[in-house]
Amino acid sequence: MLRRRKSEWVGKAILDVPAGNGDTSHLLLELGAEVTASDLYPEFFRYPNISCVKANLNGTLPFAAASFDVVICQEGIEHMPNQLHLFQEMNRVLRPGGRAIITTPNYSNLRTRLSYLLLESEAYRLMAPNEVDSVWASEQAQTIDDVYLGHIFFANVTKQRVLAALSGLHIVEVHPTRVNYTSLLLLPFYYPWMRLAGWLARRRGLRRKPSTPKRAAAYAELAQLNQSLTVLTGGHLIVEYEKCAEAPEVVAGLRGNLDLATAKT
């Protein structure tokens with residue numbers, strides 16, 4: 001995806017976090033971007049011509065507000081206990097209209113949904129996330145913030161969507177990825193029922209609560225995501241967001257929700 005859109009990155013200030021070994025940062029630099037790399041373990045970064053800043057996604061990123069045009073977060077969100085904080089930090093460091101690209105294992109495809117039903121695991125051949133198999137720490141680890149938490153915190157597409165909305169970001173595109181063939185085989189059996197269930201839930205929700213343009217738009221987007229063949233059959237999730245509001249604007253937009261909620265109870 002990055003190579004296909006290489007003209008978009010020229011001259012753009014891009015934050016790659018977590019940067020891992022630095023392959024993506026190096027590629028972006030070759031494509032003409034102004035790259036800043038950051039990771040919990042910068043000692044594993046292998047490109048000496050790019051400086052890698054130590055940062056913990058559970059804390060405040062060590063960058064000023066509105067510093068970047070693009071933030072790329074690859075295979076990081078599923079390790080974060082406070083995923084809302086991650087979205088808020090991405091919003092903070094992005095310039096108005098900036099983009100955030102998040103990649104993660106696809107916890108919304110049909111194989112993972114079935115695996116969760118069977119074992120509460122991301123794959124039906126794996127045990128559920130646990131402290132023995134899913135957590136790593138270096139010899140220098142002093143606190144839990146220094147510990148690398150594995151795939152403990154699932155980040156399915158509808159969960160990401162609402163966290164993004166609460167942070168002033170909205171989904172621009174869910175990019176196609178390599179097809180997961182187990183999900184593809186399950187599709188004919190589950191897809192009709194998912195369409196029906198989605199239609200019933202949307203209809204019931206719009207009848208029970210005050211119908212507003214905001215609610216109708218949210219329900220429509222959720223229906224689109226739940227029925228997306230890219231989401232249901234993709235091996236990975238690559239979701240691109242655009243910054244559309246600052247934090248105070250988001251909070252202002254939520255005012256009145258409590259009054260509506262209490263009126264219905």
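The values are calculated or read from the model by the stated rules, or taken from the named source; none is laboratory data. Small disclaimer: the values here were computed from a predicted structure and weren't measured. With ideal geometry, Cβ positions are generated from the backbone for all residues, glycine too; neighbour counts draw on all protein chains shown. Ligands, DNA and RNA are excluded from the accessible area calculation, which covers all protein heavy atoms including side chains. Shrake-Rupley method; radii C 1.70, N 1.55, O 1.52, S 1.80 Å.
Structure above, values below:
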quantity: Tilt relative to the chain, helix 110-119 - C-alpha long axis, 0 to 90 degrees, to 10; calculated: 90
quantity: Neighbour cut-off at most 15 other Cβ (10 Å), DSSP loop, GluC sites (Glu not before Pro), the range 5-107; calculated: Glu75
quantity: Size of the range 48-107 as Cα extents on the principal axes (Å, biggest first); calculated: 31, 31, 19
quantity: Candidate residues Phe189, Phe68: accessible-area rank, largest first, probe 1.4 Å; calculated: Phe189, Phe68
quantity: Selection from Leu206, Asn180, Leu232 lying farthest towards where the dipole of the range 142-265 points positive, charges on Cβ; calculated: Leu206
quantity: Local net charge near Thr104, Cβ-Cβ under 9 Å (Lys/Arg +1, Asp/Glu -1); calculated: -2
quantity: Lys, Arg +1 and Asp, Glu -1 on Cβ, resulting dipole of the range 124-265 about Cα centre, debye, nearest 20; calculated: 1300
quantity: Net charge dipole size for the chain [Lys, Arg +1 and Asp, Glu -1 on Cβ; Debye, nearest 20]; calculated: 1740
quantity: Paramagnetic reach from Phe189 in the range 107-123 [backbone N under 12 Å; point 7 Å along Cα→Cβ]; calculated: 111, 114-115
quantity: Exposure of Phe153 as accessible area (Å², to 10), given a probe of 1.4 Å and all protein chains; calculated: 50
quantity: Counted charge near Arg195, where neighbours are those whose Cβ lies closer than 14 Å (Asp, Glu -1; Lys, Arg +1); calculated: +2
quantity: Dipole magnitude (debye, nearest 20) for the range 59-137, charges at Cβ of Lys, Arg, Asp, Glu; calculated: 300
quantity: Volume per residue that the Cα convex hull of the range 24-80 spans, once the total is divided by residue count, Å³; calculated: 95
quantity: 1.4 Å probe accessible area per residue over the range 140-265, in Å²; calculated: 62
quantity: Contact order normalised by residue count of the range 111-221, Cα under 8 Å, 6+ apart, percent; calculated: 14
quantity: Mean separation of Cα contacts under 8 Å (6+ apart) over length of the chain, as relative contact order %; calculated: 19
quantity: Coil-residue trypsin sites (Lys or Arg not before Pro) of the range 70-164, DSSP, other Cβ within 10 Å capped at 16; calculated: Arg125
quantity: Sequence-distant residues sharing a close amide H with Ala66 (under 5 Å, placed H); calculated: Val93, Leu94
quantity: 11 Å beta-carbon shell around Val93, net charge (K/R +1, D/E -1); calculated: +1
quantity: Vicinal HN-Hα couplings computed from phi for the range 207-219 (Karplus, 6.51 cos²θ - 1.76 cosθ + 1.60; Hz; Gly/Pro x); calculated: 7, 7, 10, x, 7, 10, x, 5, 5, 4, 5, 5, 5
quantity: List Asp39, Asp146, Asp133, Asp23, ordered by accessible area with a 1.4 Å probe, largest first; calculated: Asp133, Asp23, Asp146, Asp39
quantity: Out-of-range pairs (alpha-carbon distance over 20 Å; input Lys6/Lys54; Lys214/Lys243; Lys159/Lys243); calculated: Lys6/Lys54
quantity: P(r) of the chain over all Cα-Cα pairs, binned every 10 Å from zero, in whole percent; calculated: 6, 26, 33, 25, 9, 1
quantity: The chain - percent of accessible surface contributed by carbon and sulfur, probe 1.4 Å; calculated: 58
